[in-house]
Amino acid sequence: MKYFYSVFLLFLTTYSLSGQTGGNYTYQFLSLPNSARLSALGGSLITVCDDDVTLAYINPASLNPKTHGNISVSHQFHFADIQHTYAAYGHSFSKWKVNTHVGLHHFNYGDFKYGNEIGISEGNFSAGETALIIGASKSIKDKLMLGVNVKSIFSSFETYNSFGLATDIGAIYFIDSAYSSLGLVVRNLGGEISSFNANGLQKETDNLFRHFSFNGEFLLGKNQNFRIRGGYNHIQRKELSVESLRSLAGFSMGVGIKISYFKLDYAATFHHVAGATNHVTISTNLQKF
């Protein structure tokens, strides 16, 4: 019975549950994976607490003394020259036993052309969104980590601008096993302070399975210096696949390798029959220099 319980808890760590569907909310870029590791795992990883400071963007409770001094920079190459960048740094205050991080999440949608009603070009305009994230966590009796993020969000689409605030509240509970933990996070609570009055393009009611994503990570080598990852996001597959054509939409995969003081991560995320996006992350710990 104890073995069954352990296996069941391990299974729980392979999926996440979300109460939101794509396309219905402002600042949708906040729900996108911010690192190659998360991209390879289908966009979610809320139960792991290691030295990866980028995980705090998903669950601030993942911040711990191991993330102290860690700096990480990620860049994702999207379709149509869309650029996605994330940078983060972790710092722990041992005196107060508080772990913190700061992150910058930026989406550049590129340049667009103005056009009048008969299709004549009248110039160019740009669009982008940025979020500044500050978060902290604290351990409660060595078994429970509690964390919170505060996000300042800026959006600019041509002459339309928006500013908003959001917060994440997370927790990770460590069971009496080195390999078992439970995670819970409520993400992006908040809204616009100033609005550009944008309307959602579509709304739909999804079935329960569309709220789940599945992922796994294999740690290889004596010091776990090589990692293989894979993930599946069901709602992404349903929304982006083409009925008459086969594709890997919704699937993601990647690898991670540690070389000397640096960690290199790569992920390929299949969004559509047209192909995949590439996500690259470079991380290190400044304390080692």
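The values are calculated or read from the model by the stated rules, or taken from the named source; none is laboratory data. These numbers come from a predicted model, not from an experiment. Glycine gets a Cβ as well: all are built from the backbone with ideal geometry, and neighbour counts include every protein chain shown. Side chains are part of the model used for accessible areas, which takes the heavy atoms of the whole protein and leaves out ligands, DNA and RNA. Shrake-Rupley method; radii C 1.70, N 1.55, O 1.52, S 1.80 Å.
The range 255-281 and the range 30-55 have Cα centres separated by 12 Å. What the Cβ-Cβ distance of residue 51 and residue 222 gives, at R0 = 22 Å and to the nearest 0.05, is a FRET efficiency of 0.80. Each 5 Å bin from zero holds the following percent of Cα-Cα pairs in the range 92-185: 3, 11, 15, 13, 13, 10, 9, 7, 6, 5, 4, 3, 2, 0. The 3J(HN,Hα) values that the Karplus relation (6.51, -1.76, 1.60; θ = phi - 60°) gives for the range 273-289 are, in residue order, 4, 5, x, 10, 9, 10, 10, 10, 10, 10, 10, 7, 10, 5, 5, 7, 9 Hz. Gly and Pro appear as x. Mind checking the full-extension length gain between residue 121 and residue 93? Use 0.36 nm per residue of separation minus the Cα-Cα distance, one decimal, nm. That pair, residue 121 and residue 93, stretches by 4.6 nm at full extension.
When 258, 113 are compared by accessible area at a 1.4 angstrom probe, the order from most to least is 113, 258. Excluding same-chain neighbours fewer than eight residues apart, the aspartates and glutamates reachable from residue 95 by a Cα-Cα span under 19 Å are 142. Largest to smallest in accessible area, the residues 89, 179, 160, 266 fall in the order 179, 160, 266, 89 (1.4 Å probe, all protein chains included). For the range 59-109 and the range 139-191, what is the separation of their Cα centres, given in Å? Here the answer is 12 Å between Cα centres. Each residue was assigned an accessible area with a 1.4 Å probe, and for residue 184 the value is about 120 Å². Counting only protein heavy atoms and using a 1.4 Å probe, the accessible area of residue 102 comes to about 60 Å².
Ranked from the most accessible area to the least, with a 1.4 Å probe and all protein chains present, what is the order of 158, 243?
Values: 158 60, 243 190 Å².
The residues order as 243, 158, largest area first.
Computed over the range 23-107, relative contact order equals 23 percent, with contacts defined as Cα pairs under 8 Å that lie 6+ residues apart.
Counted residue by residue at 0.36 nm each, then reduced by the alpha carbon distance between them, the extension gain from residue 32 to residue 242 reaches 73.5 nm. For residue 150, the accessible surface of its heavy atoms amounts to roughly 80 Å² (probe 1.4 Å, protein chains only, rounded to the nearest 10).
Using 0.36 nm per residue, how much length does the chain from residue 141 to residue 102 gain when fully extended, once their Cα-Cα distance is taken away? Working shown, then result.
On the way: separation 39, 0.36 × 39 = 14.04 nm, distance 2.51 nm.
Taking 0.36 nm per residue and subtracting the Cα distance, the gain is 11.5 nm.
Each residue of the range 230-247 is assigned a 3J(HN,Hα), and the resulting list reads x, x, 9, 10, 5, 5, 5, 5, 5, 7, 10, 7, 10, 4, 7, 10, 7, 7 Hz, derived from the Karplus form 6.51 cos²θ - 1.76 cosθ + 1.60 (θ = phi - 60°), x at Gly and Pro.
Cβ under 15 Å from residue 56's Cβ, residue 56 left aside: what net charge do those residues give with Lys, Arg +1 and Asp, Glu -1?
Working: positive: 37, 66, 138, 151, 187; negative: 50, 51, 52, 168.
Neighbour charge sum, excluding residue 56 itself: +1.
Considering only alpha-carbon pairs that sit under 8 angstrom and 6 or more positions apart, the relative contact order computed for the range 61-124 is 27 percent. Shown for the range 129-197: the carbon plus sulfur share of the solvent-accessible area, taken with all protein chains present and a 1.4 angstrom probe, equals 65%.
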